[in-house]
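Participant: Got a structure for you, written out below as structure tokens; questions coming shortly.
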Amino acid sequence: MAKKKTIRTIPQERTPMREQDPKERARNFAEVACGYRLEDAMREAERCLMCPEEPCIKGCPVNINIPAFIKKITEKNYRGAYDTITDANLLPAICGRVCPQENQCEGRCTVGDTLEPVAIGRLERFIGDMAIAEGWENVPYVEPNRFRVGIVGSGPSGMACAADMAKAGCDVTVYEAFQEAGGVLKYGIPDFRLPNGVIDAEIAKLVKLGIKFKCNTLVGRLFTVEQMVTEMGYDAVFIGVGAGYPSFMGIPGESLNGVLSANELLTRCNLMHARDFPNYDTPIDLGRRVAVIGAGNTAMDALRVSLRMGAEEVHCIYRRSKAEAPARAEEIHHAGEEGVQFHWLTTPVALLDNGKNGVKGMRCQRMELGEPDDSGRRRPVPVPGSEYEFDCDTVVYAIGTNANPIIGQTSKLKLNKWGYIDADENLATSIQGVYAGGDIVTGAATVIQAMGAGRKAASAMKAYLGLRDSEAVYQAESTGSDGKLFGIELSERNHARLRLG
Ligand SMILES: Cc1cc2nc3c(=O)[nH]c(=O)nc-3n(C[C@H](O)[C@H](O)[C@H](O)COP(=O)(O)OP(=O)(O)OC[C@H]3O[C@@H](n4cnc5c(N)ncnc54)[C@H](O)[C@@H]3O)c2cc1C
Ligand code: SF4
């Protein structure tokens with residue numbers, strides 16, 4: 001019998017992941033973190049104590065059976081590890097890269113009480129990448145039904161909902177406003193954190209499930225949500241349009257040339273190929289000095305993209321201190337390593353005109369921290385007489401986003417006071433048969449939360465359509481002694497739906 005692992009017997013150091021050199025990577029779009037090799041993954045998997053109370057699972061928004069998949073890695077059953085992860089999470093190669101694990105599963109890991117927690121995200125990515133390389137997929141047996149489901153938006157919430165509805169036998173069509181599917185994963189998160197090839201590989205699996213993607217289709221302009229349920233004959237609709245409408249500060253000079261939102265900058269680089277000029281005729285000229293306002297993850301992406309687009313100096317302007325910055329610590333660290341200059345406790349009060357209707361700089365003011373505000377963070381307070389001018393050629397706003405108003409303006413959906421779609425605990429909206437989830441309901445959140453919302457809505461949509469939920473179909477007593485369910489291999493079961501009579 002294998003000896004029980006304890007905190008003293010496991011490898012004490014977290015297995016590092018190889019990274020591109022900061023100076024080199026600051027000028028290219030290749031991935032920063034190179035991923036675990038087999039030996040790295042085996043060593044890190046050995047650090048898991050297989051805790052009976054499984055706190056890490058409770059920290060995962062979609063409850064991946066983390067100890068089970070890690071155990072399968074230690075047993076060299078990589079395909080089994082993939083099956084365990086994909087029981088709960090459709091997109092392991094994506095979530096392994098971008099989930100804020102330090103606040104989720106890894107934040108609850110028992111090993112983290114004494115040492116650095118088990119690198120659960122890196123192990124998930126390792127298995128997700130292996131699945132793509134090996135061409136593994138769980139395309140289950142699906143019995144088609146007569147239901148048609150329409151999905152608006154192809155981000156993680158829409159993809160997750162589409163997958164579950166397709167696995168339930170529905171005819172699913174996803175409508176996407178942009179020319180490519182993937183939502184923020186595609187147009188927002190840059191390749192050096194999440195390569196587009198990884199997203200395309202995951203989307204290809206959805207296409208194999210029979211899901212149809214219709215891009216270049218702006219719902220609310222070409223047709224409305226109401227038309228989808230009436231004239232277009234959809235039995236149920238899911239809205240996962242995200243919250244990509246940028247916020248500005250309302251200070252003088254915001255309409256000058258050279259002022260961009262982070263989403264515009266990122267979309268033009270990632271999706272419109274500005275970074276591939278002159279191969280693509282879509283250039284973007286950021287000038288020599290770029291200032292990005294904000295210190296969240298989107299700001300870090302905008303800063304690091306600006307460096308890679310050739311800006312000589314890139315500055316982060318944030319009104320609170322580093323301790324309050326909402327970005328992941330790892331992202332701030334990476335940005336600093338690459339040469340981003342941080343101006344903590346600083347806020348712009350006006351953008352300055354170069355006389356040709358373009359930006360020549362900002363008037364900034366120093367701040368100090370006062371009493372905590374509603375968010376619990378200390379409120380920034382202006383320091384009197386501390387204004388100064390700061391030269392820059394481009395100003396990028398990364399201070400948050402709002403709900404895109406198009407769907408709200410063109411349908412009778414009930415919205416909350418901030419313009420987000422009002423949905424009940426099952427994610428049903430005020431229109432019968434129409435469900436919503438992801439950032440358009442919660443406001444800006446995370447990939448895994450959006451995916452969880454898509455799956456939750458799918459479960460409610462199945463109930464609404466009178467479809468048996470796949471989770472309920474697999475009862476242990478239906479499984480034969482050969483481990484097969486109705487003659488179907490365990491690995492093929494996944495979310496297949498069987499008509500039981
Ligand atoms: C730059 C950036 C970096 C981020 N980094 C991380 C990270 O590292 N980790 C993390 O967990 N989260 C991150 N997030 C947050 C995360 O990406 C989002 O919470 C998540 O993508 C939300 O998913 P969603 O499905 O609700 O919407 P989205 O991903 O926003 O997708 C919505 C889709 O709907 C489409 N759409 C909108 N309106 C219409 C319409 N009328 N008709 C048809 N289609 C429409 C949009 O074009 C878009 O493709 C980041 C966000 C940004 C902006
Ligand atoms: S809490 Fe950490 S050590 Fe315990 S089972 Fe989960 S990953 Fe393994």
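The values are calculated or read from the model by the stated rules, or taken from the named source; none is laboratory data. Quick caveat, the model's predicted, so the values are computed rather than measured. With ideal geometry, Cβ positions are generated from the backbone for all residues, glycine too; neighbour counts draw on all protein chains shown.
Participant: Can you list the helices (runs of 4 or more DSSP H) lying wholly within segment 186-275 that have 3 or more residues being buried (at least 17 other Cβ atoms within 10 Å of the Cβ) and touching a Gly at 6+ places or on another chain (Cβ under 8 Å)?
Facilitator: On the way: elements: 196-208, 225-229, 262-270.
Of the helices (runs of 4 or more DSSP H) lying wholly inside segment 186-275, those with at least 3 residues that are buried (at least 17 other Cβ atoms within 10 Å of the Cβ) and touching a Gly at 6+ places or on another chain (Cβ under 8 Å) span 196-208, 262-270.
To keep it simple, each residue is scored yes or no on (1) of a type in the set (D, E, K, R); (2) touching a residue at least 12 places away in the same chain (Cβ under 8 Å); (3) part of a helix (DSSP H, G or I).
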| site | (1), (2), (3) |
| --- | --- |
| L413 | no, yes, no |
| G419 | no, yes, no |
| V441 | no, yes, yes |
| Q449 | no, yes, yes |
| A453 | no, yes, yes |
| K456 | yes, yes, yes |
| M461 | no, yes, yes |
| Y464 | no, yes, yes |
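Participant: In segment 276-308, which residues are modelled with pLDDT of 95 or more and acidic (D, E)?
Facilitator: The one that is modelled with pLDDT of 95 or more and acidic (D, E): D301.
Participant: Which of (1) touching a Lys or Arg at 6+ places or on another chain (Cβ under 8 Å); (2) buried (at least 18 other Cβ atoms within 10 Å of the Cβ) does K58 not meet, given it meets every other one?
Facilitator: Checking K58 against (1) touching a Lys or Arg at 6+ places or on another chain (Cβ under 8 Å); (2) buried (at least 18 other Cβ atoms within 10 Å of the Cβ), the one that fails is (2).
Participant: Would you mind finding the one in E75, E106, E24 that is within 16 Å of ligand 1 (Cβ to nearest atom) and acidic (D, E)? Spell out the reasoning first.
Facilitator: On the way: E75 fails: within 16 Å of ligand 1 (Cβ to nearest atom); E24 fails: within 16 Å of ligand 1 (Cβ to nearest atom).
When all the criteria are applied, what remains is E106.
Participant: Those residues that are farther than 13 Å from A41 by Cβ and either crowded, with 23+ Cβ neighbours inside 10 Å or within 16 Å of ligand 2 (Cβ to nearest atom) (or both), I need them from segment 72-84; list them, please.
Facilitator: So in segment 72-84, the residues farther than 13 Å from A41 by Cβ come out as 79-80, 83-84.
Correct list: T84 only.
Participant: Run down E102, E106, E137 and say which single residue is farther than 16 Å from V447 by Cα, part of a helix (DSSP H, G or I) and either modelled with pLDDT of 90 or more or of a type in the set (D, E) (or both). Write out each step before concluding.
Facilitator: On the way: E102 fails: farther than 16 Å from V447 by Cα; E137 fails: part of a helix (DSSP H, G or I).
Exactly one residue qualifies, and that residue is E106.
Participant: Just one of T230, T173, T224 is in the same structural domain as I407 (by TED's automatic domain parsing) and in contact with a helix residue (DSSP H, G or I) (Cβ under 8 Å, 6 or more places away or on another chain); which is it? If you could, list the steps in order and put the result at the bottom.
Facilitator: Numbers: T230 fails: in contact with a helix residue (DSSP H, G or I) (Cβ under 8 Å, 6 or more places away or on another chain); T173 fails: in contact with a helix residue (DSSP H, G or I) (Cβ under 8 Å, 6 or more places away or on another chain).
Unique residue meeting the criteria: T224.
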